[in-house]
Amino acid sequence: MKVFTTGQVAKICKVAPRTVSKWFDSGRLKGYRIPGSQDRRIPREYLIKFLKEHGMPTTELEDAAVAKVLVVAQDQVLIENLRRELPLERQFKVEVAASGFDAGIQAESFHPDCIVVDFSIGRTEALQICQNLRRNSEFADIILIALLPDDGSTNYIDRSNINETFRKPFDASLLAERLKTLVGVRKELI
């Protein structure tokens with residue numbers, strides 16, 4: 001169960017921490033105190049209920065609980081297999097980019113937690129995507145997964161830019177499980 005401090009709730013609600021403390025102390029915002037301390041903790045479900053009751057946006061809170069995956073690929077079978085394997089309705093949101101240009105635009109607007117790059121879009125373009133992402137400090141911590149063709153040569157890959165590699169053909173459910181593990185740990189989904 002995800003819980004928040006009054007400071008975290010204050011950031012989400014864009015108010016002062018003292019305001020959150022007043023909401024808590026008056027009983028409007030449910031939660032609990034840590035035994036032996038005056039520190040307050042607000043469980044996620046109580047915070048969502050509070051935000052909805054008071055007409056406050058829940059998007060920031062919901063975004064924190066959803067893992068965003070950007071798939072850079074043109075292979076429709078691969079894309080559909082990944083969409084089928086990831087639990088989209090609860091924890092994952094998947095967007096698709098068909099080129100390096102699209103990937104750059106999507107990365108800026110979607111802010112993914114993980115980018116899966118299919119090297120069948122073109123070796124040079126795929127490598128450029130990986131290098132550009134790692135050069136940008138905004139995407140330095142993003143999980144980067146490369147889907148490599150089974151042509152026997154992987155010498156061209158700079159593994160320092162990539163967290164994981166999968167050689168095609170592979171089972172989409174294995175990739176989905178790995179995504180759930182890698183992204184889920186960071187987002188506290190598992």
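A Cβ distance below 9 Å, combined with a sequence gap of six or more or placement on separate chains, defines the contacts here; from the range 50-66, residues that are closer than 12 Å to Leu29 by Cβ reach residues that are at pLDDT below 75 and in a helix (DSSP H, G or I) in the pairs Leu51/Leu61.
When the residues of the range 84-101 are filtered to those that are surrounded by 14 or more Cβ atoms within 10 Å (Cβ to Cβ) and part of a helix (DSSP H, G or I), the one that is modelled with the lowest pLDDT is Glu85. Test Arg28 against the stated conditions and say whether it is farther than 23 Å from Gln91 by Cβ, surrounded by 11 or more Cβ atoms within 10 Å (Cβ to Cβ), touching a strand residue (DSSP E or B) at 6+ places or on another chain (Cβ under 7 Å) and not assigned by TED's automatic domain parsing to the domain that holds Gln91. Against the criterion (farther than 23 Å from Gln91 by Cβ, surrounded by 11 or more Cβ atoms within 10 Å (Cβ to Cβ), touching a strand residue (DSSP E or B) at 6+ places or on another chain (Cβ under 7 Å) and not assigned by TED's automatic domain parsing to the domain that holds Gln91), Arg28 does not qualify.
All conditions but one from (1) farther than 30 Å from Pro17 by Cα; (2) buried (at least 17 other Cβ atoms within 10 Å of the Cβ); (3) at pLDDT 90 or above apply to Leu47; the one that does not is (1). The residues on offer are Pro149, Pro112, and the sole one that is surrounded by 14 or more Cβ atoms within 10 Å (Cβ to Cβ), assigned by TED's automatic domain parsing to the domain that holds Leu179 and under 17 Å from Val183 (Cα atoms) is Pro112.
The single condition among (1) more than 20 Å from Leu82 (Cβ to Cβ); (2) surrounded by 21 or more Cβ atoms within 10 Å (Cβ to Cβ); (3) of a type in the set (Asp, Glu) that Asp118 does not satisfy is (1).
Within the range 1-20, the only residue that satisfies the criterion of being surrounded by 11 or more Cβ atoms within 10 Å (Cβ to Cβ) and either more than 22 Å from Thr59 (Cα to Cα) or touching a residue at least 60 places away in the same chain (Cβ under 8 Å) (or both) is Lys2.
The values are calculated or read from the model by the stated rules, or taken from the named source; none is laboratory data. Since we're looking at a predicted model, the values are computed, not measured. Glycine gets a Cβ as well: all are built from the backbone with ideal geometry, and neighbour counts include every protein chain shown.
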